[in-house]
Amino acid sequence: MNPHLRRRTLVTGTAAAALGGCSARPATGERPTADPAPVPHPAGVTTPPPDRAVFAAFDLPAGRGDLLGRLADRIGAVHGSGSATVTLAAGASLFDDRFGLTGARPRRLTAMPSFAGDLLDPGQCHGDLLLQICAPASDRIAPVLADLGKGLAARWRIDGFRQENTVTAAGLPSTRNLFGFREGAGNPDPADAALMDRLVWTDGADGEPAWTVGGTYQVVRLIRFAVELWNRDPVPVQERILGRRRSGGASLGGEAEDARTGYAADPDGAVTPLDAHIRRADPRTAESERHRILRRGYSYRRNDADQGLIFVCFQRDPESGFAATQRRLTGEILDRYVLPFGGGYWFVPPSPASLATLTGRSAPRSGPVSG
């Protein structure tokens, strides 16, 4: 149960007991109040990421809002078959006057801005809709994408994989990126429901439209790696740039991969340089704690000159989550080896049906898959 709803239920029950003179039994003729239904959450967010994924952005043709209903139906069928996990997300451009959705736009949804060091390709950015399709093998994804893309105008697509798709010592998802370092350290625990409520899922307290409650904001960044340039540097130099050991992911300070020890004992950066990537991204202060994001990225390789990272993260607010973190990274040494060139901001509804109903389409037969 959503903690906010649980808290409200407990408070209501306590007040009723007090007014009833030590008895919580309802007065004659009154019906007991049932517990609120659990708030649904979208698939493909907190569940362990499979080995393969495709991220495909589309535009919705004018006058074809009905396709959202078809997508909801077909995604329900995919989840029912167990062949893949599909996460449907909506871009800011969907909420214009083409479909009458202007008033339904999630409060914090905008087009992704360009940050320092970006060289964004308009042909590989944004989109009305984003499909994240994940599965253990690519051959499961291809037919799902072909089916879900019917009637939509393709905008861009990128295929991802998780090299050494394992877990950390604490059981959190981990992978090794194309720079040879482990990804996933410092991630919040997706199995911690209270933490996910605080960092990831939207609720009515944010002033969001009612249909968004239980959803989340998704940021995707396509980042090209200069792998050949990176490999010219010796491993100790790479480790100081990132702030971690290449072998097992432990921090330069010696803490385990999953440790979140602060840097108070190293104020001058003698152990972990002040401009090390992990220290810039997460200073581990009380202020930066509220900026934490749930990362769920994949590597990609189109050819030797075009390979890198599909950075993916989820949060309640992309401005206080991803953007705040990104601004701290401005000017870091790692900038020399990476080039962000595409991606965007999207909102993931609690279920595909909740997005479809905005255009007057009733909920599909198949229910949502949480995770």
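The values are calculated or read from the model by the stated rules, or taken from the named source; none is laboratory data. Keep in mind it's a predicted model, so treat the numbers as computed, not measured. Backbone-built Cβ (ideal geometry, glycine too); neighbour counts: all protein chains shown. The accessibility values were calculated without ligands, DNA or RNA, using every heavy atom of the protein model including side chains. Shrake-Rupley method; radii C 1.70, N 1.55, O 1.52, S 1.80 Å.
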In the set 118, 96, the lone residue that is closer than 17 Å to residue 345 by Cα, out of contact with any Gly (no Cβ under 8 Å at 6 or more places or on another chain) and modelled with pLDDT under 95 is 96
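Working carefully through the options 140, 108, find the one that is surrounded by 14 or more Cβ atoms within 10 Å (Cβ to Cβ), over 30 Å from residue 259 (Cβ atoms) and touching a helix residue (DSSP H, G or I) at 6+ places or on another chain (Cβ under 9 Å).
Details: 140 fails: touching a helix residue (DSSP H, G or I) at 6+ places or on another chain (Cβ under 9 Å).
One residue alone meets the criteria, 108.
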Taking only pairs six or more apart or across chains, which ones have beta-carbon atoms under 6 Å, a first residue in segment 245-265 that is more than 16 Å from residue 176 (Cβ to Cβ), and a second residue that is β-branched (Val, Ile, Thr) and loosely packed, with under 15 Cβ neighbours inside 10 Å? 255/261
Which ones in segment 51-69 are crowded, with 19+ Cβ neighbours inside 10 Å and not aliphatic (A, V, I, L, M)? 52, 55, 58, 65, 69
Of all residues being part of a loop (DSSP other than H, G, I, E, B) and under 17 Å from the mean Cα position of the chain (by Cα) in segment 72-106, which is nearest to residue 59 (Cα to Cα)? Just the residue, please. 91
All but one of (1) modelled with pLDDT of 90 or more; (2) under 29 Å from residue 191 (Cα atoms); (3) open to solvent by 70 Å² or more (accessible area, probe 1.4 Å); (4) of a type in the set (Gly, Ala, Ser) hold for residue 286, so report the exception by its number. (1)
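Name the single residue, out of those in segment 131-146 being among the small types (Gly, Ala, Ser) and either part of a loop (DSSP other than H, G, I, E, B) or free of Cβ contacts under 8 Å to residues at least 40 places away in the same chain (or both), that is farthest from residue 162 (Cα to Cα).
Of all residues in segment 131-146, those among the small types (Gly, Ala, Ser) come to 135, 137-138, 142, 146.
Now narrow it down to the ones that are either part of a loop (DSSP other than H, G, I, E, B) or free of Cβ contacts under 8 Å to residues at least 40 places away in the same chain (or both): 137, 142, 146.
Values: 137: 11, 142: 17, 146: 22 Å.
Among residues in segment 131-146 that are among the small types (Gly, Ala, Ser) and either part of a loop (DSSP other than H, G, I, E, B) or free of Cβ contacts under 8 Å to residues at least 40 places away in the same chain (or both), the one farthest from residue 162 (Cα to Cα) is 146.
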Go through 102, 85 for me and flag whichever is more than 18 Å from residue 155 (Cβ to Cβ), surrounded by 13 or more Cβ atoms within 10 Å (Cβ to Cβ) and not aromatic (Phe, Trp, Tyr). 85
Do any residues in segment 339-362 that are in contact (Cβ under 8 Å) with a residue 40 or more places away in the chain have Cβ atoms under 6 Å from those of residues that are of a type in the set (Asp, Glu) and open to solvent by 10 Å² or more (accessible area, probe 1.4 Å), where the two are at least six apart or on different chains, and which pairs are they? 340/118; 341/121; 342/121
Within segment 291-346, track down each residue that is within 23 Å of residue 106 (Cβ to Cβ), in contact with a Gly (Cβ under 9 Å, 6 or more places away or on another chain) and not in a strand (DSSP E or B). 291, 292, 293, 296, 297
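Any residue at all in segment 168-176 that's of a type in the set (D, E, K, R), under 30 Å from residue 66 (Cα atoms) and touching a Ser or Thr at 6+ places or on another chain (Cβ under 9 Å)?
Checked against the condition, which is being of a type in the set (D, E, K, R), under 30 Å from residue 66 (Cα atoms) and touching a Ser or Thr at 6+ places or on another chain (Cβ under 9 Å), segment 168-176 yields no hits at all.
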Going residue by residue through segment 301-311, is there one that turns out to be in contact (Cβ under 8 Å) with a residue 24 or more places away in the chain, among the hydrophobic types (A, V, I, L, M, F, W, C) and touching a Lys or Arg at 6+ places or on another chain (Cβ under 7 Å)? yes
What pairs come out if I take residues in segment 202-215 that are open to solvent by 40 Å² or more (accessible area, probe 1.4 Å) and pair them with residues that are among the aromatic types (Phe, Trp, Tyr) and in a loop (DSSP other than H, G, I, E, B) whose C-beta lies under 9 Å away, six or more apart or interchain? 213/201
